[in-house]
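Below is one structure; the comments refer to it alone.
We did not get these values from a lab; they are worked out from the coordinates using the rules stated. Worth saying up front: this structure is predicted, and the values here are computed from it rather than measured. Please note: Cβ atoms are built from the backbone with ideal geometry, for glycine as well, and neighbour counts cover all protein chains shown.
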Amino acid sequence: MESGFSRRIKSKLPTYHVWTVGCQMNVSDSERLSSGFKNMGFEQTEHLADADVVVLNTCVVRQSAEDTATGLIGRLGKNIKGNDDRIVAVMGCMVGPDQTDLRRRFPYVDIWARPQEFWPILETVGIRHGINPEGCLAETIPENPNVASYIPIVHGCDKFCTFCIIPYRRGRESSRLASDIVQEAQMMVDRGVKDITLLGQNVDSYGHDLRPRIDLADLLEQVNKVQGLERLRFLTSHPNDMSVRILEAVRDLPKVCEMINLPFQAGDDIILSNMRRGYTRGQFLEKIAQVKQVIPAVTLTTDLIVGFCGETDKQFEKSMDVLREVEFSKVHTSEYSYRAGTYASRLMKDDVPRLVKKQRKLIVDTFQNKIQASKNLTLVGNRYEILIEGYKRGRLFGRTRGDKLVYLNVPKSTRISIPLPGQIVSVEITKSTSWSLEAYLSSTLMTSKKEKVPVG
C-alpha cells in the first residue's frame with residue numbers, strides 16, 4: 001500500500017474527509033457539513049488520502065493558519081493525477097468574494113466555498129456521484145455529537161477592527177432566530193450533548209438585527225430551559241457589547257457557566273485607537289470591575305495581540321500591566337499578522353520585527369503560565385462537579401464549570417462505577433499544573449447544580 005496523499009482505500013460507500021483549522025466556528029461548520037455528507041450516504045474516513053471527497057475548512061486570521069492550509073492544498077495537488085476522480089473543495093475564511101487568484105494558483109480544486117456555504121459542495125458532490133442532495137442540509141446536527149458541542153447563533157461581524165479580516169470573509173452580522181437555536185439545542189441534547197457553547201464572532205451583539213429585538217440575555221434564558229441540558233456557555237464577546245443584562249443572566253441562570261471571555265487586545269490607548277477597538281484601557285478595566293462585581297466567582301479569559309503596527313516596548317508594557325492587574329485565568333496570545341485587505345494592511349506599516357513579536361509573546365506566555373499555575377494550585381483540596389467528556393491520552397477527563405481541564409483518577413479498589421461521558425461527578429482536586437488538574441472521584445454520581453465554591 002502506498003503512503004501519503006496517493007494512498008487510496010476504496011470503500012463500499014463513497015467516502016469523505018473534512019480537514020479543519022481555526023476557531024470553534026470552523027469546527028461547528030465542519031460538523032454540520034459532515035452531517036450533510038452522512039445524510040447523502042457517504043462514509044467518513046479518518047485519512048485524507050483515502051477520501052473520495054476532500055474538504056479543507058480554512059482560517060486566515062493569522063498568516064500561520066493560512067500557510068498551513070495553502071501548504072496542504074499544494075501537497076494535495078501534487079498527488080492528484082489527471083484521471084483522479086476525487087473531489088477537492090476548499091471552504092472557510094480563505095475564500096473571499098473574489099476567487100480569481102485562488103483558482104489560478106490551485107486549478108485542481110473543484111469547489112471554492114465561503115464560510116457556511118455548504119450547498120455548493122453538496123450539490124457538486126451529488127452531481128458527480130449521482131445522488132440528490134436535496135434535503136440533506138435540512139438537519140445538519142451530528143448523529144453522535146460530543147458531550148460538549150457548539151451552536152452558531154450569529155454570523156459575521158460589524159466591528160471592522162483594523163487588524164481583522166473576518167468581516168470581509170464572513171460578512172456583516174446576521175443573527176439566527178431564537179426559536180431555531182432552541183430547537184437545535186434540544187435536538188443536540190436528545191443526542192447526548194450536555195454542554196453547549198453559543199458561538200459568534202461577536203456573540204454579545206446577538207439579536208440586534210432581529211425584529212422584534214432580542215438580545216443574548218433573552219436567548220440564554222430560553223436555552224437555559226432546554227430539558228436535559230447541564231451547562232451553557234458563549235464565545236466570543238466584545239467589551240462594548242457586554243451588557244449588565246448579560247452579566248446578570250450569567251449570574252442568575254443555573255445552567256449558564258460563570259465564565260467570561262473578554263478580549264482586550266492591547267493595553268495602550270493609542271494602539272487601541274489604531275485597532276479601532278472602540279474603548280480605552282480605563283474603560284476596559286471598568287468593564288472587568290463590573291463583571292467581577294456582578295459575578296464574584298467569575299472565571300475570566302482574554303485575547304491579546306502583541307506586536308501590532310507601531311507598538312513600542314513601553315506600549316507593550318502597558319499590556320503587561322493589564323495582565324498583572326486582572327490576572328486572567330487564561331490568555332490567548334497571538335503575534336500581529338499582516339492580513340491583506342484589512343484597514344491596517346492598507347494604511348499602517350507592519351514595522352515590529354518578527355523576533356520582537358516572538359519575544360513579547362514569550363514574555364506573556366511565561367507570565368501567564370505562572371498565573372495559571374498559581375490559580376490552579378489554590379484549587380487543590382477543593383471539591384468540584386466535573387462533566388465527564390471522555391478519554392484523552394488514555395485518561396478519563398472532564399471539565400469544571402469554569403472550563404478547567406481535569407484528569408480523573410479512579411482507584412482500582414473503588415466501588416464506584418467508572419463514570420461515562422455525559423455524567424457529572426463530584427471530585428476532589430489532588431494535583432495541579434499550569435494547564436490541567438488531577439482529581440479522585442470523591443462521591444457517588446451527582447446531579448448538576450450551580451457550584452457554591454469557586455469555579456476555577
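Based on alpha-carbon positions alone, could you give the equivalent ellipsoid semi-axes of the chain from the gyration tensor, as √(5λ), descending, whole Å? Display every interim value, and only then the final one.
Working: eigenvalues 243, 182, 102 Å².
One finds semi-axes of 35, 30, 23 Å for the chain.
Sort out for me the Cα centre separation of the range 277-303 from the range 88-158, rounded to whole Å.
36 Å
How do the peptides 211-220, 196-205 rank, highest first, by the average count of neighbouring beta carbon atoms within 10 Å per residue?
Answer by packing, highest mean first, reads 196-205, 211-220.
What ranking do 331-341, 348-358, 225-235 get when scored by the average of other Cβ atoms within 10 Å per residue, highest first?
225-235, 331-341, 348-358
Collect residues whose amide H, placed 1.01 Å from N in the peptide plane, falls under 5 Å from the amide H of E173; neighbours closer than 5 in sequence don't count.
Hits under the 5 Å cutoff: C157, D158.
What does the charge count near L285 come to, summing +1 for each Lys or Arg and -1 for each Asp or Glu among other residues with Cβ under 11 Å from its Cβ?
Working: positive: R281, K287, K292; negative: E286, D321, E325.
Once all neighbours under 11 Å are counted, the net charge is 0.
Quick check: the distance between the Cα centres of the range 355-397 and the range 227-261, to the nearest angstrom?
Cα centroid to Cα centroid, the span is 22 Å.
Quick one: what are the phi-derived ³J(HN,Hα) couplings along the range 331-337, Karplus 6.51/-1.76/1.60 with θ = phi - 60°, whole Hz, x for glycine and proline?
After applying 6.51 cos²θ - 1.76 cosθ + 1.60, I find 10, 8, 9, 9, 7, 4, 10 Hz.
For the range 4-129, which semi-axes, largest first and in whole Å, follow from the square roots of 5 times the eigenvalues of its Cα gyration tensor?
Numbers: eigenvalues 86, 59, 38 Å².
Whole-Å semi-axes of the equivalent ellipsoid: 21, 17, 14.
I want the local charge near Q423. Using Cβ-Cβ distances under 11 Å, sum +1 for each Lys or Arg and -1 for each Asp or Glu among the other residues.
-2
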